[in-house]
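Asks: Please find one structure pasted underneath; my questions will follow.
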Amino acid sequence: MTEMLDRRARARGPNVPTFYNEPVHIVRGEGGWLWDADGKRYLDCYNNVPHVGHCHPRVVEAIARQAATLNTHTRYLHDGILTYIERLTATFDHDLSQVIMVCSGSEANDIALRMAQAVTGKRGFIATNATYHGTTTAVSQLSRRRPPIGGYPDHVRLVPAPTTLTPLGGSMDAQGAAFAAGIQTAIEELEANGSGFAGLMLCPIFANEGLPDLPDDFLAPTAEVVRAAGGVLICDEVQPGFGRTGRAMWSHAWMNVAPDVVTLGKPMGNGHPVAATVARPDVMAAFREAFGYFNTFGGNPVSCAAARAVLDVIEDEGLVAHAARMSPRVVADLKTLDFRAEAHIRGRGQFYAVELTRDGAPAGDLAKWLIEALKARGVLMGVIGPARNILKFRPPMPFDESHAALLMTTMEETLATCPI
Ligand code: PMP
């Protein structure tokens, strides 16, 4: 282990963290399970990328077959990308019918920002103050994790994110209007400082912000403010997309909004690096007019085969309905556990959050202890939220009753040994 950590530091440089005090060395995955180098098995409650299950045989087979036949860029004609885009866009409403395929969520979001600039001729962007949208220079400026060198640029405004425990505007009922008011103020500032307002980027379920409880019409006032200002509404579905939230393929449907642009990534290829920006034809035309755009690896035949197999499995295994069925059960089970703190339990499909507080204050120490102790007992999950006090679990979608039962027993046993 030490030798591997040393090699890692030599090969990859400093400040490349691993999860856990003592990192895990994973060597194999199957369905909802991972195994480490010592043969220890872990229930994977963390990874949403292996959406249809680690190493799903249909995805593996599709990748292998296409890799053995042809893999090139998209400057030649190929049926794979066309079939995939037709299949994918058939799952969207709001005339979101054209697609650019790329290799990461960051690239997809970067394109979405440029689409907003192409449509509006303006430069300014708004996101929340507790999110993450990726790694490119433009997109990383929308993230609070690491301030850009020289500080946040004038064309970026990060507005207060919605929460469950201290709602904007003082109450759950007022939160939708208060969030929209924050955006309206940011729009006015961007217009006043000469940047102008190009677009708003947000995850419709605010996953990185901590998956707050929000009513279905929460985003209605926000969409109105964005439209009235002539801006572009971008929904980042990199985390909640492909049916994770259980009610529909896309989480913006849950929130009743009509985005102009939607970005996809993580689960799209079950681990194969494929991502996409989906837009209306008028938005796509403005972007292509302004920028053209070619991505060497984006939309290659192997990526499209992987992505198509993922759609097939979601459909054939009924995974969206499965998420809807599992969600209330898991939430109810979690509510029976004694977390030795106030536990605010939320679920949207197979995306769960347990916000831990003591006397109303974030219990980040407890969350940290719990994920370490669960890992020792063979269960992997993570933490989110600005105070790192929200347990996050988004297991591979086939997570079922038997996995849930093991999770609950392990959590119960772990909590019983909690020293803090
Ligand atoms: N958007 C969101 C909401 C994300 O959570 C992430 C990654 N965590 C990204 C975009 C970036 O995706 P990628 O790492 O594939 O570039």
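The values are calculated or read from the model by the stated rules, or taken from the named source; none is laboratory data. Since the model is a prediction, treat every value here as computed from it, not as a measurement. Glycine also receives a Cβ, built like all others from the backbone with ideal geometry; neighbour counts cover every protein chain displayed. Heavy atoms of the whole protein, side chains included, go into the accessibility calculation; ligands, DNA and RNA do not. Shrake-Rupley method; radii C 1.70, N 1.55, O 1.52, S 1.80 Å.
Asks: Tally time: how many residues in region 75-118 are among the polar types (S, T, N, Q), within 15 Å of the ligand (Cβ to nearest atom) and out of contact with any helix residue (DSSP H, G or I) (no Cβ under 6 Å at 6 or more places or on another chain)? Let's see the steps before the verdict.
Replies: To start, the set of residues in region 75-118 that are among the polar types (S, T, N, Q) comprises 83, 89, 91, 97-98, 104, 106, 109, 117.
Applying the additional criterion that residues be within 15 Å of the ligand (Cβ to nearest atom) yields 104, 106, 109.
After this cut, where a residue has to be out of contact with any helix residue (DSSP H, G or I) (no Cβ under 6 Å at 6 or more places or on another chain) as well, the list is 104.
So the answer is 1.
Asks: Here is a further query. Within region 119-130, which residues are within 12 Å of the ligand (Cβ to nearest atom) and part of a strand (DSSP E or B)? Give the steps one after another, and end with the answer.
Replies: Filtering region 119-130 for residues within 12 Å of the ligand (Cβ to nearest atom) gives 127-128, 130.
Hits for region 119-130 are 127, 128.
Asks: Assigned to a loop (DSSP other than H, G, I, E, B), in the same structural domain as residue 240 (by TED's automatic domain parsing) and away from the ligand (no atom under 16 Å from the Cβ), is that true of residue 142?
Replies: Values: assigned to a loop (DSSP other than H, G, I, E, B): yes; in the same structural domain as residue 240 (by TED's automatic domain parsing): yes; away from the ligand (no atom under 16 Å from the Cβ): no.
No; evaluated as a whole, the condition is false for this residue.
Asks: Here is a follow-up. Can you give me the number of residues within region 6-21 that are open to solvent by 70 Å² or more (accessible area, probe 1.4 Å) and not aromatic (Phe, Trp, Tyr)? Steps first, answer last, please.
Replies: Step one: of region 6-21, the residues open to solvent by 70 Å² or more (accessible area, probe 1.4 Å) are 6-7, 10-12, 14-15, 17, 19, 21.
In the following step, the residues that additionally are not aromatic (Phe, Trp, Tyr) were identified as 6-7, 10-12, 14-15, 17, 21.
Result for region 6-21: 9.
Asks: Right, another one. Read through the list (1) closer than 30 Å to residue 313 by Cα; (2) not in a strand (DSSP E or B), then give the number of the only condition that residue 201 fails.
Replies: Checking residue 201 against (1) closer than 30 Å to residue 313 by Cα; (2) not in a strand (DSSP E or B), the one that fails is (2).
The rows are residues; the columns are (1) of a type in the set (D, E, K, R); (2) more than 24 Å from residue 177 (Cα to Cα).
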position	(1), (2)
236	yes, no
255	no, no
260	yes, no
274	no, yes
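Asks: Any residue that is crowded, with 17+ Cβ neighbours inside 10 Å, among the acidic types (Asp, Glu) and either in contact with a Phe, Trp or Tyr (Cβ under 7 Å, 6 or more places away or on another chain) or in a loop (DSSP other than H, G, I, E, B) (or both) - is there at least one of those in region 213-220?
Replies: Kept after step one, since they are crowded, with 17+ Cβ neighbours inside 10 Å, are these residues of region 213-220: 213-214, 218-219.
Cutting the leftovers down to among the acidic types (Asp, Glu) gives us 213.
Of the ones still in play, those that are also either in contact with a Phe, Trp or Tyr (Cβ under 7 Å, 6 or more places away or on another chain) or in a loop (DSSP other than H, G, I, E, B) (or both) are 213.
The answer is yes, given that some residue of region 213-220 is crowded, with 17+ Cβ neighbours inside 10 Å, among the acidic types (Asp, Glu) and either in contact with a Phe, Trp or Tyr (Cβ under 7 Å, 6 or more places away or on another chain) or in a loop (DSSP other than H, G, I, E, B) (or both).
Asks: If you don't mind, there's one more thing I want to ask. Tell me yes or no: at least one residue of region 193-211 is open to solvent by 30 Å² or more (accessible area, probe 1.4 Å) and of a type in the set (D, E, K, R). Write out each step before concluding.
Replies: Quick first cut of region 193-211, residues open to solvent by 30 Å² or more (accessible area, probe 1.4 Å) only: 193-194, 208.
Right, trim to of a type in the set (D, E, K, R) and you get none.
Within region 193-211, none of the residues are open to solvent by 30 Å² or more (accessible area, probe 1.4 Å) and of a type in the set (D, E, K, R).
Asks: Among the residues of region 263-275, are any more than 25 Å from residue 58 (Cα to Cα) and either surrounded by fewer than 23 Cβ atoms within 10 Å (Cβ to Cβ) or outside the structural domain of residue 48 (by TED's automatic domain parsing) (or both)?
Replies: Initially, region 263-275 is screened for residues more than 25 Å from residue 58 (Cα to Cα), giving none.
Checked region 263-275: no residue is more than 25 Å from residue 58 (Cα to Cα) and either surrounded by fewer than 23 Cβ atoms within 10 Å (Cβ to Cβ) or outside the structural domain of residue 48 (by TED's automatic domain parsing) (or both).
Asks: Picking from 112, 116, which residue would you name as being hydrophobic (A, V, I, L, M, F, W, C), open to solvent by less than 20 Å² (accessible area, probe 1.4 Å) and touching a Ser or Thr at 6+ places or on another chain (Cβ under 7 Å)? Even if it seems obvious, please write down each step before you answer.
Replies: Working: 116 fails: touching a Ser or Thr at 6+ places or on another chain (Cβ under 7 Å).
On inspection, the qualifying residue turns out to be 112.
Conditions tested, residue by residue: (1) within 16 Å of the ligand (Cβ to nearest atom); (2) closer than 25 Å to residue 105 by Cα; (3) open to solvent by 60 Å² or more (accessible area, probe 1.4 Å); (4) not in a loop (DSSP other than H, G, I, E, B).
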residue	(1), (2), (3), (4)
132	yes, yes, yes, no
166	no, no, yes, no
182	no, no, no, yes
188	no, no, yes, yes
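Asks: A further question follows. Looking at this structure, is residue 123 closer than 30 Å to residue 189 by Cα, modelled with pLDDT of 95 or more and open to solvent by 30 Å² or more (accessible area, probe 1.4 Å)?
Replies: Answer is yes for this residue.
Asks: Same structure, new question: Can you tell me which residue within region 71-103, out of those that are in a loop (DSSP other than H, G, I, E, B) and open to solvent by 70 Å² or more (accessible area, probe 1.4 Å), is nearest to residue 301 (Cα to Cα)?
Replies: Step one: filter region 71-103 for residues in a loop (DSSP other than H, G, I, E, B), giving 71-78, 90-97, 103.
Then drop every residue that is not open to solvent by 70 Å² or more (accessible area, probe 1.4 Å), which leaves 71, 75-77, 90, 93-95.
On the way: 71: 6, 75: 12, 76: 11, 77: 10, 90: 20, 93: 26, 94: 27, 95: 25 Å.
Of everything passing the filter in region 71-103, 71 is nearest to residue 301 (Cα to Cα).
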